[in-house]
Amino acid sequence: MERVALHRHTVLIACAALLLVLVSAAFGAFEFLELRAQDWAFNARGAIAPSTPIVIVGIDDESFTQNGLQWPWPRAYFARIVDRLADAGPRVIALDVSFYESAPGDEALAQAIRKANNVVLVSTIAVVNDRVYNLEQLNQPLPVLSNSAAAIGLSNFPFDRDGFVRRLHAFQVHGGQVYYHWALRVAELVLKQPLPAQPSRDSFAMGDRRIVLDDQSLYINFRGPARTFPVIPAYQVAGGQIKPEFFKDKIVLVGATTESLHDTYPTPFLGDSAPMSGVEIIANSIETVLSGKYLTRAGAGGTLLAIMLLGAIGMALNVVKRPAFALLALAALMLIYAIAWNLVFLVNGAWIPLVAPQAALFLAYVAPAVERGVIEGEEKRRVRRIFEQFVSPEMIEQLVAHGLEATRGRRAQLTILFADIRGFTTMSEQLAPDELARLLNEYLGVMTEVIFRHHGTIDKFEGDAILAFWGAPSPDPHHARNALRAAVEMEQELIRLRDKWAARGQPRALEIGIGVNTGEVFVGLVGSDRRVNYTVVGDHVNIAARLQDLTKEYHWPLLVSEATYAKIKDEFEAEFVEIRHVKGKSIPVGIYRVLGAKSAPPETRIHTPVPVTLRSAGEGAS
């Protein structure tokens with residue numbers, strides 16, 4: 001089994017991609033997408049019926065129409081609402097209305113608040129940012145009202161970078177004193193458990209309960225979009241149109257639900273398309289605290305672990321040899337992680353990072369894959385540049401598909417062909433150098449086309465000689481047959497060339513000798529960084545050269561060894577010449593002269609005007 005490993009440059013590129021993701025996450029580059037992912041999870045989960053009996057008395061458009069009042073409503077009108085609610089026996093009444101300035105009816109409202117004995121009022125910490133100074137100002141209800149209230153809490157909540165509301169500050173410190181949000185003050189009255197004087201930013205105890213925070217923030221587990229909690233128009237409460245028992249033992253929140261008072265905000269459910277009123281956001285916050293279904297977020301360590309883990313998995317995908325399988329595995333892993341991310345939210349209410357780890361998984365695979373694709377593209381171009389002079393275009397495409405691995409040095413059984421021109425010296429004496437060069441180039445061009453047509457590889461041209469071989473770089477189980485087909489066609493093409501040259505008045509006294517041998521040789525790229533050649537080396541190459549030399553002695557243009565004859569005898573007709581020791585070989589070689597393809601027409605068979613004396617297999621010559 002082939003051993004698979006990650007190359008060093010693959011690891012380096014994947015690590016660089018991971019570092020990019022980590023740095024981007026540290027600077028909040030993924031925050032917007034992570035927030036959008038959280039919103040998607042809320043909407044995919046859908047609305048859940050609240051478990052806490054919370055009712056909202058809405059300061060809405062219908063109430064403005066029915067009571068005919070302008071904003072701000074008279075304090076006496078709020079006093080009437082508080083009285084009506086108090087008579088019904090709710091657990092808590094919270095007024096999400098600012099009473100910072102004196103107005104007629106303050107005493108009536110204060111009396112109603114004192115009578116109810118369970119009213120929560122709101123305050124704010126206003127922050128003024130100027131080029132010169134930053135000012136924080138605590139705005140409290142009028143003393144006559146605050147002294148009558150059961151509790152007072154802040155109504156501030158922060159906005160995320162996209163302008164959405166997803167959390168509130170459970171408490172803030174101003175002037176060295178802790179001020180809790182009014183959602184926590186409501187929970188305090190409901191549970192009858194005091195809030196601690198010095199709370200922790202991560203969590204704190206309230207009786208036997210633990211309030212879970214994230215750096216002072218309470219992430220709101222929204223139960224649904226706007227109107228998830230029941231909303232009763234304020235005018236119906238003030239007019240006594242709602243039966244008192246409807247509010248009994250409930251938490252009643254009074255606040256603006258109309259868009260005209262500009263107290264609506266985008267939240268995870270439906271966002272800007274259906275903004276939620278501030279009082280409804282607080283209703284969801286109270287539900288989160290009293291139900292104990294908190295949302296938690298992975299810290300920096302958890303994010304780092306998720307990025308590194310998925311990045312390592314993405315890096316490991318680079319060992320998969322087939323890109324289609326790797327991409328399929330990548331898509332499957334990203335889907336599995338997204339499903340796990342959503343399940344963790346649904347089951348445990350925990351936010352683990354989604355986008356940054358997914359980016360790490362994707363980039364750790366894709367970045368090295370792209371770099372590898374660039375390298376492989378350059379490698380393929382290099383293969384093409386090297387071989388386009390030696391092999392046919394069809395073979396080049398095969399080599400490009402396999403890359404340079406196909407050119408590594410190896411031992412293989414090939415068929416080697418040597419071809420040399422007879423009478424070339426005489427011809428060179430009769431022709432001018434430029435005319436001789438044109439004739440030689442025409443000859444070599446035609447012979448190259450023949451070799452390429454039969455899937456051969458040209459090793460080199462040595463003057464007027466050609467060295468070619470079959471079976472590499474692309475495997476060819478019929479290398480001997482294809483080599484012989486090429487050799488026979490080379491003889492036929494030479495006849496056509498001679499006729500063409502004769503018609504042009506050029507010398508035609510040109511013959512070639514061809515020797516063909518089959519055997520195991522070394523084949524591969526040989527050379528230096530500055531010059532390289534794809535060549536064959538070995539004794540069987542020398543035998544092909546010796547057979548080519550013997551064509552002069554035997555006066556026959558095409559000789560093959562017994563090894564080649566054994567592979568082509570079913571298709572080609574050949575006659576045994578002799579077994580002979582050739583130069584450089586201690587073992588004698590059986591030699592055959594090829595007559596042509598079996599059943600071929602006479603004009604395609606090989607002819608020579610010189611008679612040949614055949615020897616028997618036992619008459620070896622040295």
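The values are calculated or read from the model by the stated rules, or taken from the named source; none is laboratory data. Being a predicted model, the structure only gives us computed values, none of them experimental. Note that each Cβ is placed from the backbone with ideal geometry, even for glycine, and that neighbours are counted across all protein chains shown.
Checking the conditions here, which among VAL536, VAL526, VAL541 is in contact with an Asp or Glu (Cβ under 9 Å, 6 or more places away or on another chain), aliphatic (A, V, I, L, M) and either surrounded by fewer than 19 Cβ atoms within 10 Å (Cβ to Cβ) or not in a strand (DSSP E or B) (or both)?
VAL541
Condition check: of a type in the set (S, T, N, Q), in a helix (DSSP H, G or I) and in contact with a strand residue (DSSP E or B) (Cβ under 6 Å, 6 or more places away or on another chain). Does SER24 satisfy that?
Criteria not met by SER24.
Counting only residues that are polar (S, T, N, Q) and in a loop (DSSP other than H, G, I, E, B), which one in the stretch 142-195 is surrounded by the most Cβ atoms within 10 Å (Cβ to Cβ)?
Per the criteria, the residue is SER155.
Is at least one residue of the stretch 594-604 at pLDDT 65 or above, assigned to a loop (DSSP other than H, G, I, E, B), in the same structural domain as VAL516 (by TED's automatic domain parsing) and more than 18 Å from LEU484 (Cα to Cα)?
No; the residues of the stretch 594-604 include none that is at pLDDT 65 or above, assigned to a loop (DSSP other than H, G, I, E, B), in the same structural domain as VAL516 (by TED's automatic domain parsing) and more than 18 Å from LEU484 (Cα to Cα).
Name every residue in the stretch 478-499 that is out of contact with any Asp or Glu (no Cβ under 9 Å at 6 or more places or on another chain) and closer than 29 Å to GLY527 by Cβ, in order of residue number.
Result: HIS479, ALA480, ALA483, ALA486, ALA487, MET490.
Quick check: is even one residue across the stretch 242-259 outside any loop (DSSP other than H, G, I, E, B), out of contact with any strand residue (DSSP E or B) (no Cβ under 7 Å at 6 or more places or on another chain) and over 20 Å from ARG84 (Cα atoms)?
Yes, because at least one residue in the stretch 242-259 is outside any loop (DSSP other than H, G, I, E, B), out of contact with any strand residue (DSSP E or B) (no Cβ under 7 Å at 6 or more places or on another chain) and over 20 Å from ARG84 (Cα atoms).
Picking from SER200, SER217, which residue would you name as being in the same structural domain as ASN156 (by TED's automatic domain parsing), among the small types (Gly, Ala, Ser) and touching a His at 6+ places or on another chain (Cβ under 7 Å)?
From the options SER200, SER217, the qualifying one is SER217.
Report the residue count in the stretch 149-169 for those that are in contact with a helix residue (DSSP H, G or I) (Cβ under 8 Å, 6 or more places away or on another chain) and within 16 Å of ASP96 (Cα to Cα).
The number of residues fulfilling the criteria is 9.
Being among the aliphatic types (A, V, I, L, M), modelled with pLDDT under 90, closer than 23 Å to PHE452 by Cβ and over 56 Å from the mean Cα position of the chain (by Cα) is the requirement here; does LEU510 meet it?
Judged against the criteria, LEU510 is a match.
Can you name the condition, by its number, that SER277 falls short on among (1) surrounded by 14 or more Cβ atoms within 10 Å (Cβ to Cβ); (2) of a type in the set (Gly, Ala, Ser); (3) at pLDDT below 95; (4) assigned by TED's automatic domain parsing to the domain that holds GLN193?
Here SER277 clears every test but (3).
Within the stretch 544-570, take every residue that is under 12 Å from ALA483 (Cβ atoms) and assigned to a strand (DSSP E or B) and give me the one that is farthest from the chain's Cα centre (by Cα).
LEU558
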